[in-house]
Ligand code: SAH
């Protein structure tokens, strides 16, 4: 029987579904075809080849199809331990074993496929110079694979070794979206019918509303729907070299935004950036990737947490609060959010998990909103096509810009300025010539 060790994810009962999903080529393909993701990883590995891969021992945590391991060999790795728990390990081995003069000759004798969970004890893997992994889920931490990445660091990385990615930043921002809110409400209102085929459904209306608004909405949205644009300074940073597993299991992210427009705030949006930096940032190349609504679409998209009741904000007003994300046993997190227009923000460490966000138990403060969501109960919204409305003005989405210099920079400019493209490369010093 699995022991209840708090340093482990504690989600073993989800493993059959989770690893069953990743055992399928179509799901690996979906990630491989995210060109922002795959080419960012490839750039970060090849550009740091001289310092972090050439002649080195590498571990790929959750290798899947093996793509990152192949990149590591292309970058000059001597030996790569490709650890994969799912049945995909056998398919990866098929590809690795097929290496000969005709097919992938460069792969011969370079990769050792290890079909195991990284948490399994006594794996026959030495300490490595570099760890590569793609342990990222929606809002960075969904799926709880970051804990496995950190476990790999603690067990197998040599002191001062490299980690790609090296850090992640979570961005939160207030958004307006009357259409999304109304569609969500319309789903709940179905249960308000007093005579559906002669049956009164109204006793389930409250549960329906709880359920519909409790589902995080995953999808790419129009960055012009943001009421304030967070900057890198506002981001909540997770440094993979130093973060501990307990820290990853309970994240407290305070925020303070200044409304750029007058309008209705329908909830909080979230996304992340990834940084791929060598241990010594002065030698090598730092590569960034953004999943912001203003950047190119990725398969992670963004996530939005809808309030059950919108909050009216005025341009220049301060919007304060926090998000607290606590692990659940569904390979995900329960998300708690408090937002206030006053200075009465409560202490997130005093959160009462049983009652927080329950409208029946809330105090009815008109200038405050609270909510709770299960991050794994996602619903999808793909209604936005980037570039569709180039002349869009804020008032088209019911945001009203203050006159004069009161407001902040126009949102789409501000958002675009923060993230000019999904991938951004900073080449440092001596390896500048390595870009091919
Ligand atoms: N590295 C591949 C796959 C990334 S998806 C790529 O970049 O395309 C994450 C992979 O990690 C999945 O294939 C999943 O089965 C595997 N995985 C997740 N948790 C793991 C763990 N604890 N031990 C080993 N593999 C794991």
query: Once both labels are modelled 7 Å past Cα along the beta-carbon direction, what's the residue 237-residue 204 spacing in nm?
result: 4.9
Largest-first principal axis extents, alpha carbons of the stretch 45-100, Å: 33, 25, 15
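Could you calculate the FRET efficiency of residue 26 with residue 115 from 1/(1 + (r/R0)^6), where r is the beta carbon distance between them and R0 is 25 Å, rounded to 0.05? Walk me through the intermediate numbers first.
Working: r = 20 Å, r/R0 = 0.80.
The pair residue 26/residue 115 has a calculated efficiency of 0.80.
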message: Based on the alpha carbons, how large is the Rg to Rh ratio for the stretch 169-380 when Rh follows Kirkwood?
response: 1.00
- request: Report Rg (one decimal) and Dmax (nearest whole number) for the chain, counting Cα atoms only, units Å.
  value: 23.2, 77
message: Just to confirm the number: angle between the C-alpha axis of helix 35-47 and the first principal axis of the chain, 0 to 90 degrees, nearest 10?
response: 40
- prompt: Pairing the Cα long axis of helix 88-97 with the longest principal axis of the chain, what angle in degrees results, from 0 to 90 and rounded to the nearest 10?
  reply: 30
query: By how many degrees, 0 to 90 and rounded to 10, does the Cα axis of helix 146-156 deviate from the longest principal axis of the chain?
result: 30
message: What whole-number distance in Å separates the alpha-carbon centres of the stretch 77-138 and the stretch 324-359?
response: 39
- prompt: What is the mean projected area of the alpha carbon convex hull for the stretch 301-362, to one decimal in square nanometres?
  reply: 6.0
query: GNM on the chain, C-alpha springs below 10 Å: top fluctuator among 240, 53, 356?
result: 356
- request: Return the single residue from 28, 54, 360 with maximal mean-square fluctuation; model: Gaussian network over the chain, springs between Cα atoms under 10 Å.
  value: 360
message: Just to be sure I understand: of the beta bridges DSSP finds with both ends in the stretch 1-146, what percent are antiparallel, rounded to 5?
response: 5
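From the helices alone, meaning DSSP H stretches of at least four residues, give me the mean residue ellipticity at 222 nm for the chain, per-run term -39500 (n - 2.57), in deg cm²/dmol to the nearest 500. Don't skip to the end; give the middle numbers.
Details: 10 runs with 91 residues, N = 436.
Value at 222 nm, helices only, nearest 500: -6000 deg cm²/dmol.
Once you have a ≥ b ≥ c as the square roots of the Cα gyration tensor eigenvalues for the stretch 12-164, tell me rounded if a/c is under 1.5, and otherwise prolate or oblate according to whether a/b is larger than b/c.
Rounded is the answer for the stretch 12-164, as its axis ratio a/c remains below 1.5.
Since every read-out is calculated from the coordinates, none of them should be taken as a lab result. Fair warning: this is a prediction, and the values are worked out from it, not measured in the lab. Every residue, glycine as well, gets a Cβ built from its backbone with ideal geometry; the counts of neighbours run over all protein chains shown.
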